[in-house]
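Working notes, structure below.
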Amino acid sequence: MAKAKKYVYFFGAGKADGRADMKELLGGKGANLAEMVSLGIPVPAGFTITTEVCTAYYENRRKYPKQLKAQADAALARVEKIMAKGFGDPANPLLVSCRSGARASMPGMMETVLNIGLTTQTIPGVIALTKNPRFVWDAYRRLIMMYSDVVMEKAAGIEPAEDQGIRRQLERVMDQVKRQVSAKSDTDLSADQLETLCRHFRDKVQEVIGKPFPDDAQEQLWGAVGAVFQSWNGRRAISYRRIENIPDSWGTAVNVQAMVFGNMGDDSATGVAFTRNPATGENVFFGEWLTNAQGEDVVAGIRTPNPLNVSTKSEHTAHLASLEEAMPETYKQLVAIRNRLEKHYRDMQDIEFTIEKGKLWMLQTRTGKRTGPAAVRMAVEMMRERLIRKEAAVTRVTPAQLDELLHRILDPKAEKNARVLAKGLPAGPGGAAGRLIFTAADAVAWTERGEEVVLCREETNPEDVEGMRVASAILTARGGMTSHAALVARGWGKCCIVGCGALHVDAHSKTVTVGGHTLREGDWVSCNGSKGVLYVGKLDTVDPDPENPLLVEFLAACDKVRKLGVRANADSPHDAATARKFGAEGIGLLRTEHMFYGEGADVPLFKLRKMILSKTPEERRAACDELFPHVKADIKGTLAAMDGLPVTIRLLDPPLHEFVPQGEEKQRELAQSLGITLEDVRARAEALHESNPMMGHRGVRLGITYPEVSQMQIRAILEAAAELRAEGKKAIPEIMIPVTCTVNELKDQQALVEKVKAEVLQKFNLKKLDFLVGTMIEIPRAALTANKMAEVAEFFSFGTNDLTQMGFGFSRDDIGAFMPDYLAKKIVDADPFQTIDQEGVGELIKVGIERGRATRPKLKVGICGEHGGDPASIHFCHKAGMNYVSCSPFRVPIARLAAAQIAVKDAAAKKGKKSKKGKR
Ligand code: PEP
Ligand code: MG
C-alpha cells in the first residue's frame, strides 16, 4: 500500500521533520522553526500543517484530508511528551498557539490564536502550575477575545454592523468593568476581577454569536486551525496578495506550538531583534524587549520597549534598562544564538524571542527587511567577512534599494505622515520639494532669487528646457514615460512626475487644481519621482553620498559578475563625465540634436535654423558649413571625455519643424540673416508642417533628402576623432543611423560615409581611422529584415521607444489618455514604454538579433531606448544575447546591478539543468 501523504511536520527537542528550504510546503515560519530546532536552538515544540492541506481544503469544499487528524494527534502527543504536559489534561495542562505562515511573509494579513487549551477544566491546573491566577485569567480573557473574533465571527463569515463586531463588544464590556472598579489600565485588574470579566465575556459571546464559547481543548484547536486556513481567503490577505503578486494557489501553513509566556513576572520577557541594524546595516545586534509582556505588546506600541543592549541605547532610551544589564546570562545566550543564526543563514535575521521564568525560547527567525543603505552595507561587509560570495552579495540589494543611495530622496519619516495630493508616473528618480511655478521663465526668475521650485506644466516641450534645468522637480499632467519631460529629467537624474492626470494646470492663472483643492504659484509641494507621488507642503529631503566607498565596492562586485556591458545615453561632455563617474563603459546614444537646446545653444541653434529654412542646396551647404565647427567641437568634447571608450553618435533624428522658431523676434532675426522677409520665414516654416511628424520627415529620411546634412555630421565625427588621434588621444566613434526601415537607406548613407572618410584620411594624412557604422533598429520592418540591414550595419542598437510605439501603434506622447485604463483593466500587465513587452516587441528584438547575426555573426547589439535602465528589461536583454544596455547616466548603477543579478540567476539555472541531466 502506498505510504500516506505527510501533512504534518513535527519539530522539538533537537529533532525536526522539516528544513529551511521547505518554505513552499511549510511556509516561511514553519520551515525556519524546523531549521532552528535542528540547529539545537531552544524552540517550543510544535508541528506544522502543510500548505498542501490549505490547498486541498479549498479544493475539497473545505474538508481536510482524511489522514490529517491522526497525523496531528501523533505530533501533538510528541509535543506533550517533550513539554511533559497534556493537552486538555486538567492536572497538568499544555497550552498551544496556532499561527499562519505563508511562503512569503504577509505581515498581519492572517490570523493567530494564542492560549488554546484554556477551559474551565484546565484553568485550575494552570493556576496550580503557575501559582499566578491573575496571569491565567488574563490569558483566558485574551483567548476568548481572540478566538471569538477570529474563529467564531470572521471565519464563520459573520459580517457585523460597523462597531458591532464581537471584539469591539468585548472591549466595551472590559471598559465597563474597568470603570466599575476604577481601574485605569488592564494591568490594574485583579485576578478576581479578571475572573468575573471572563464570565461576562462568555455570556456576551453567547448573546452576540448565539453559541457558547467552546470549553473543550480539541474543539478550540481545530476551530483555530480552520480559522487560519479561512484567513488565507480573508479580504485583507487577498488584497495584500494582489499588491505583492503572491499567487492565490500558494496557500498558508498552520503552526501549532507549545505556548511559552513572557508575562509570568519580572523574570519573564519578550522581544524582537535584528542580527544587524536594519536601518544602517551596521554589524551590531539591535532590538527591543519588554519585561513581563507578551509578544504583541512590543509591536503594538502600548509600552515603550527597552533597548536590547548598552551599545544601541539612544538619547530617548538611555534611561531604560537593557537586556544585557537586566539579564546578562540570558543576553549572552541570545547573542550566541544571534551569531549562530547569521552564520547559518548567511544573512541578517529578524528574530522573536520569549523568556519564561529565566528560560530563553526562540519563536521565529526570518530574513530581515532593510533600507537601501543598510542592504548595500550588509552585502559588502558580509562579503568582506567571507560570510557570502560576490554572487550572493549582488542578489542582496534590489534596484529600488540601490536607487535610494543615488539620489536625494524625501525623508521617509516625513513622507509617511505627508498628505498625498496626486499620483502620476515615476519619470525621474529621487525626491524634491519646491514652490509651484507654472512657466519656464518664472522657474528661472524664481531660482535666480534663490528659491527652490517645482515646474508644473500641462506637458513640456524643448522651449521649457531652461526652466526644467533649474527646477528641483518637474511635474506634468500629461505624457508618458518616454515623453519629453521624462526623457530630459531622467537624463539629468532630476526628480520628475509625468502623466499626473488628476492635475488641472492653468498656466494662465498660475494655479493647479486637484480634486477640488487649488494650489497657487509659490505654494510648496514635494515630489517622490521614484514612486510618482505628489505631496502637499515642504517635506525634508536626505542627500546621497556619491563617493560612498561601500557603494563603489558593491558595484565593483556587480561588474565582476555581469556579462552585459553598460553604457550611458549622454549628449554632452558634462553628461559623459557623469556617466563615467557612475561606471558607464561607453556611450550608447549621443542624441546630437540636444546640443541645440539649453544653455549656450543659442548660436548653434540659430545656425541650425538657418540650415533648416534654406531653400536651395547651396544655401543649405553654406549653413551646414557654418554649423560644422559647433557640431565638431561638441562631439570632440564628448569623445575626449570618454577617453577611448566607444561613443555611439546618432545622426540628426527629430522632425525639422521642432527647431523652427515660434516667436516673432527670433523669426525676424533669421529672416535678416537669410536675406529673406519675415513672411518668407513663416511660409517656409509652414511648409515643414506635418500631420504625423513622428512618422514623417525625420531620422535617416532627412539624410536621404539632404545628404549635405549627413555629410556635415559624418565629417564632424571623423574629424573630431582624427584630431584627437593627432593629439595623442584615443577615440572610438560609432556612427549610428536612425529610423531606418530598409537596407537601401543604409547603403545610401554608407556611400556618404565612404566619401567623407576618404577626404578625412587624406586631410589628416592617415591610413586608417577606427570607427563603426551601424543603425538603430526601431521600426518593425527593420527588425524583420535584420539579415539585410546587417549587410551594411556593423552594429545594431534597439531603439525600443520607437519600436514600442510602432510595434503597438501607441503614440509615445499620448498614452496618458488611455494607459491608466489599460493597466487598471489588465489589458496590458505593465506600461510597455517602461518595461519591454516581451511577447510582442521582445519577439521583434529576438528576431532582429537572430537574423542580424545570421549575416554578421559578431554583430554588436545593444539597446538605447528608455528600457535600457529598467531592471526587468535588462534581464530580457541579457537573455536575448545583447552585448550591452545603454541608459541615462544616473541609471547606470542600477543597470550594473540588474545585469549582475540576471547573470547570477542564469548561471544558477544552467547549473541546475546540468546537475539534473547528470542525475538522469
Ligand atoms: C528610441 O526610439 O528608442 C530612441 C532611443 O530614440 P528616441 O527616443 O530619441 O526616438
Ligand atoms: Mg527613436
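Condition check ((1) small (G, A, S); (2) over 30 Å from A84 (Cα atoms)) across all residues:
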position	(1), (2)
A128	yes, no
L143	no, no
D149	no, yes
A156	yes, yes
E162	no, yes
G165	yes, yes
S182	yes, yes
D188	no, yes
K211	no, yes
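Considering only segment 571-616, state which residues are in contact with a helix residue (DSSP H, G or I) (Cβ under 9 Å, 6 or more places away or on another chain), more than 22 Å from L639 (Cα to Cα) and open to solvent by 60 Å² or more (accessible area, probe 1.4 Å). Matches in segment 571-616: K615 only. What number of residues in segment 347-363 are under 23 Å from the mean Cα position of the chain (by Cα) and either over 16 Å from T280 (Cβ atoms) or open to solvent by 10 Å² or more (accessible area, probe 1.4 Å) (or both)? Final tally of qualifying residues: 3. Among the residues of segment 599-631, those identified as free of Cβ contacts under 8 Å to residues at least 12 places away in the same chain and part of a helix (DSSP H, G or I) are D602, E618, A622, P629. Taking first residues from segment 863-884 that are over 14 Å from L844 (Cα atoms) and partners that are in a strand (DSSP E or B) and away from ligand 1 (no atom under 13 Å from the Cβ), the Cβ contacts under 7 Å between residues at least 6 apart in sequence or on separate chains come to N883/G565; N883/K860; N883/V861; Y884/G565; Y884/V566.
Note on segment 258-283: residues that are open to solvent by 10 Å² or more (accessible area, probe 1.4 Å) and closer than 28 Å to F47 by Cβ amount to 7.
Among the residues making up segment 364-380, those that are open to solvent by 30 Å² or more (accessible area, probe 1.4 Å) and in contact (Cβ under 8 Å) with a residue 24 or more places away in the chain are R366, K369, R370, T371, P373, R377. Pairs, please: C-beta under 9 Å, at least 6 apart or cross-chain, first residue over 14 Å from N277 (Cβ atoms) and in segment 307-326, second basic (K, R)? From residues that are over 14 Å from N277 (Cβ atoms), the pairs are H319/K313; L320/K313; S322/K313; E324/K332. Within segment 462-470, does at least one residue satisfy the condition of being within 16 Å of ligand 1 (Cβ to nearest atom), open to solvent by less than 60 Å² (accessible area, probe 1.4 Å) and farther than 24 Å from P832 by Cβ? Yes.
Might you let me know whether segment 77-85 holds any residue that is open to solvent by less than 60 Å² (accessible area, probe 1.4 Å), more than 33 Å from the chain's Cα centre (by Cα) and among the acidic types (D, E)?
yes
Applying a threshold of 6 Å to beta carbon distances and a minimum spacing of six or more residues, or different chains, the list of pairs starting in segment 698-709 at a residue that is within 16 Å of ligand 2 (Cβ to nearest atom) and ending at one that is open to solvent by 40 Å² or more (accessible area, probe 1.4 Å) and part of a helix (DSSP H, G or I) is empty. Would segment 866-874 turn up any residue that is modelled with pLDDT of 95 or more and among the hydrophobic types (A, V, I, L, M, F, W, C)? There is at least one residue in segment 866-874 that is modelled with pLDDT of 95 or more and among the hydrophobic types (A, V, I, L, M, F, W, C). Pairing each residue of segment 791-812 that is polar (S, T, N, Q) with any residue that is open to solvent by 40 Å² or more (accessible area, probe 1.4 Å) and in a helix (DSSP H, G or I), provided the two are 6+ apart or on different chains, yields C-beta distances under 8 Å for Q805/M694; S811/M694.
Within segment 799-807, can one find any residue that is within 16 Å of K860 (Cα to Cα) and not acidic (D, E)?
There is at least one residue in segment 799-807 that is within 16 Å of K860 (Cα to Cα) and not acidic (D, E).
N233 meets all of the listed conditions (1) touching a residue at least 12 places away in the same chain (Cβ under 8 Å); (2) farther than 19 Å from E111 by Cβ but one, namely (2).
Return the residues of segment 94-121 that are more than 16 Å from G234 (Cα to Cα), surrounded by fewer than 23 Cβ atoms within 10 Å (Cβ to Cβ) and not aliphatic (A, V, I, L, M); say none if nothing qualifies. The answer is S97, R103, T119, T120, Q121.
Conditions tested, residue by residue: (1) part of a helix (DSSP H, G or I); (2) open to solvent by 30 Å² or more (accessible area, probe 1.4 Å); (3) modelled with pLDDT of 95 or more; (4) out of contact with any His (no Cβ under 9 Å at 6 or more places or on another chain).
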site	(1), (2), (3), (4)
L33	yes, no, yes, yes
T55	yes, yes, no, yes
R62	no, yes, no, yes
Q71	yes, yes, yes, yes
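Scanning segment 779-798 for residues that are within 13 Å of ligand 2 (Cβ to nearest atom) and under 12 Å from M736 (Cα atoms) returns S797, F798. Whether any residue in segment 482-502 is away from ligand 1 (no atom under 16 Å from the Cβ) and more than 22 Å from the chain's Cα centre (by Cα) is what I want to check. Yes - at least one qualifying residue is present in segment 482-502. L627 falls short on exactly one of the conditions (1) away from ligand 2 (no atom under 16 Å from the Cβ); (2) out of contact with any Pro (no Cβ under 8 Å at 6 or more places or on another chain); (3) under 23 Å from M736 (Cβ atoms); (4) among the aliphatic types (A, V, I, L, M), and that condition is (2).
If you go through segment 416-433 one residue at a time, do you hit one that is of a type in the set (S, T, N, Q) and without any contact (Cβ under 8 Å) to a residue 24 or more places away in the chain?
Yes, segment 416-433 contains at least one residue that is of a type in the set (S, T, N, Q) and without any contact (Cβ under 8 Å) to a residue 24 or more places away in the chain.
Output the number of residues of segment 642-679 satisfying the condition of being more than 15 Å from ligand 2 (Cβ to nearest atom), closer than 17 Å to L608 by Cα and either modelled with pLDDT of 90 or more or part of a helix (DSSP H, G or I) (or both).
13
Is it the case that I836 is within 15 Å of ligand 2 (Cβ to nearest atom), modelled with pLDDT of 95 or more and not polar (S, T, N, Q)? The answer is yes for I836. Which of the residues spanning segment 338-397 are farther than 26 Å from I409 by Cα, part of a helix (DSSP H, G or I) and touching a Phe, Trp or Tyr at 6+ places or on another chain (Cβ under 8 Å)? Across segment 338-397, the qualifying residue is only R338. G807 falls short on exactly one of the conditions (1) within 13 Å of ligand 1 (Cβ to nearest atom); (2) surrounded by 24 or more Cβ atoms within 10 Å (Cβ to Cβ); (3) closer than 16 Å to V847 by Cα, and that condition is (2). When the residues of segment 862-884 are narrowed to those that are assigned to a strand (DSSP E or B) and within 16 Å of ligand 2 (Cβ to nearest atom), which ends up surrounded by the most Cβ atoms within 10 Å (Cβ to Cβ)? In this case the residue turns out to be I863.
Within segment 760-778, being within 16 Å of ligand 2 (Cβ to nearest atom) and over 31 Å from the mean Cα position of the chain (by Cα) holds for G774, T775. Scanning segment 825-861 for residues that are in a helix (DSSP H, G or I), more than 18 Å from P871 (Cα to Cα) and of a type in the set (V, I, T) yields V847, I849, T855. Residue count for segment 810-833 satisfying the condition of being within 16 Å of ligand 2 (Cβ to nearest atom) and surrounded by 19 or more Cβ atoms within 10 Å (Cβ to Cβ): 5.
The values are calculated or read from the model by the stated rules, or taken from the named source; none is laboratory data. In this text the structure is predicted, and so the values were computed from the model without any measurement. Using ideal geometry, Cβ is built from the backbone for each residue, glycine included, and neighbour counts are taken over all protein chains shown. Just the protein is used for accessible areas: all its heavy atoms, side chains included, with ligands, DNA and RNA removed. Shrake-Rupley method; radii C 1.70, N 1.55, O 1.52, S 1.80 Å.
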